[in-house]
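Have a look at the structure below, then the notes.
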Amino acid sequence: MFLLALASTGVAEAGTPLVEQYGRMLTPPPTYVCLKAKTPLTIDGLLNEEEWQRAPYTAAFVDISGEDFPRPKYRTRAKMLWDNDFLYIGAELEEPNIKALLKQRDTIIYKDNDFEVFIDPDGDGKAYFEIELNALNTVFDLMLDRPYRVDGNFFMQWDCPGLQTAVHCDGTLNDSTDTDRGWTVEMAIPRKAIATSFDNPLQEGRWLRLDFSRVEWLKKGGPEENWVWGPTGKVDMHMPERWAYVMLAGHEGAEFSYPYDQKVYQLMWSLYYAQDDYRRQHGHFATSLVALLGVHAKDSLRLPKGAEIRLDAARTVYRITIKADGREYSLDSNGEWKIMHNTL
């Protein structure tokens, strides 16, 4: 165990701050205030209902790797609503040549151009869901126990119970002799399908971690383009810590607020990424924050005065804990994120 209390002078200066080394993977994720629908939606692939007009669109999607990468050739954007039973998602995909060939559920849909949804209902980095579909409205859905980077397992036998999806093509599907405008996606994801234990993820004031991805094959044989709402910093969507924050609001005019201190969160994840690099180099995890990971004075200044960082580590597993402002934050080697309140 290694315990570091951050005094006002910080810790010893050493090298480049971690939050700068891993800056591409620490940019602020998008945020979205998701309004509650006043009436249930009809899932027909058309986003023309009055309820949808109340919901703002996300910003246009960007390259998955983030800044300094080319702007996507075609615009993609999405919007969301919720009610007591469903999370509703609508998406608009510009596409001059709408194509889709895969017709069997749970085939690898991203071999076609597709639209993808990733949801971590409680934001803990484990037990999350992925739903993909193409312009034929063929669905590929799966549940994952944790990300692939930590040997996570996926469960294709999970078919999202009660899922409703629809696609509308503004053009002609699989006809390259004309020019299309694009296609729209609409889906209703049942609350019960993404709940864990007796938890209800669809409640006013709750936050979901959620992201959208679009795989686009601009030329036959690839490589494929990966356009997303919230960039992860590298070509890997299975980084739940990088997904957007979606706050469920009960009324219009609600202002977004983060569920926890973002500076603490960024520092903890910079330590996580540093541990991954350390293990690749040395074959095991580091057991000292300062001597082996080089925590920088500039990093420590991100935390409130009097905060404590603790590392409990062996060569194969570890847990990082930060106590600050009456909360205890923890992050382990599997990427599981937890918060405990009132630790004073």
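The values are calculated or read from the model by the stated rules, or taken from the named source; none is laboratory data. Bear in mind that the values here come from a model prediction, so they are computed numbers and not experimental data. Neighbour counts run over all protein chains shown; Cβ positions are idealised from the backbone, glycine included. These area figures cover heavy atoms from the full protein model, side chains too; ligands, DNA and RNA do not enter into them. Shrake-Rupley method; radii C 1.70, N 1.55, O 1.52, S 1.80 Å.
Counting only protein heavy atoms and a 1.4 Å probe, the range 67-109 has 54 square angstrom of accessible area per residue. When the alpha carbon coordinates of the range 193-344 are projected onto the principal axes, the ranges are 47, 46, 33 Å, largest first. What is the Cα centroid distance between the range 97-154 and the range 38-56, reported in whole angstrom? So the two Cα centres are separated by 23 Å.
Where the only charges are on Cβ atoms (+1 Lys, Arg; -1 Asp, Glu), what is the dipole of the chain about its Cα centre, to the nearest 20 debye?
Values: 38 positive and 52 negative charges, 202 e Å.
That gives a dipole near 980 debye.
The residue among P56, A100, A324 whose Cα reaches farthest toward the positive pole of the charge dipole of the chain, with charges on the beta-carbon of Lys, Arg, Asp and Glu, is A324.
Using a 1.4 Å probe, what is the accessible area per residue for the range 199-243, in Å²?
37
Calculate what fraction, in whole %, of the accessible area of the chain sits on carbon and sulfur atoms when a 1.4 Å probe is rolled over the protein chains. Working shown, then result.
Values: 7830 of 15890 Å².
That share works out to 49 percent.
With point charges of +1 on the Cβ of Lys and Arg and -1 on the Cβ of Asp and Glu, referenced to the Cα centre of the chain, which listed residue (P190, Y88, L26) lies farthest in the positive direction of the dipole? Value: L26. Applying the Karplus relation 6.51 cos²θ - 1.76 cosθ + 1.60 with θ = phi - 60° to the range 233-238 yields 3J(HN,Hα) values of x, 7, 7, 6, 7, 8 Hz, where x marks Gly and Pro. Computed with a 1.4 Å probe on the full set of protein chains, the accessible area for V215 sits at about 10 Å². Working note: 222 nm ellipticity from helices only, DSSP H runs with n ≥ 4, each -39,500 (n - 2.57), summed and divided by the residues of the chain, gives -3000 deg cm²/dmol to the nearest 500. Using all pairs of distinct alpha-carbon atoms, the Kirkwood hydrodynamic radius of the range 60-201 works out to 16.4 angstrom. For helix 262-282, report the angle its Cα long axis makes with the longest principal axis of the Cα atoms of the chain; keep it between 0 and 90° and round to the nearest 10°. Here the helix axis deviates by roughly 80 degrees.
Residues of the range 155-187 falling in the label zone of R54, defined by backbone nitrogen less than 17 Å from a point 7 Å along Cα to beta-carbon, are absent. Within a straight-line Cα-Cα reach of under 19 Å, K323 can be paired with the following lysines, leaving aside sequence neighbours fewer than 8 residues apart in one chain: K263, K298, K305, K338. Excluding same-chain neighbours fewer than eight residues apart, the lysines reachable from K192 by a Cα-Cα span under 20 Å are K36, K38, K126. Histogrammed with a bin width of 20 Å, the alpha carbon distances of the chain distribute as 29, 54, 17, 0 percent, first bin at zero.
Taking the Cα centre of each part, how many Å lie between the range 244-296 and the range 178-208? Between the Cα centre of the range 244-296 and that of the range 178-208, the gap is 26 Å. Straight-line reach from K103: taking Cα to Cα under 12 Å and skipping same-chain neighbours fewer than 8 places apart, the aspartates and glutamates in range are D112.
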